[in-house]
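Take a look at the structure below.
No lab work stands behind these numbers, since they all come straight from the coordinates. Predicted, not measured: the structure shown is a model, and the values here were computed from it. No Cβ is skipped: glycine too gets one built from the backbone with ideal geometry, and neighbour counts run over all protein chains shown.
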Amino acid sequence: MAVRYTEEQLNTVDKSLLIQMFLNQRELLETLTTEVRSLNERMQLMME
């Protein structure tokens with residue numbers, strides 16, 4: 001399970017950790033976007 005940081009905690013985190021967290025989130029967003037597109041295509045085919 002992912003760790004949830006407060007704004008106060010993030011203000012004290014090392015810059016390199018913030019960068020890594022950002023890159024991980026971007027990768028997750030790309031993965032989820034791809035999955036949603038795939039599911040939308042499958043749904044569209046099922047509706048046809």
Exercise. Given the residues R42, R4, which is the only one that is in a helix (DSSP H, G or I), free of Cβ contacts under 8 Å to residues at least 12 places away in the same chain and out of contact with any helix residue (DSSP H, G or I) (no Cβ under 9 Å at 6 or more places or on another chain)?
Worked result: R42
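Within the stretch 30-38, is there a residue that is of a type in the set (A, V, I, L, M, F, W, C), surrounded by 10 or more Cβ atoms within 10 Å (Cβ to Cβ) and within 13 Å of the chain's Cα centre (by Cα)?
yes
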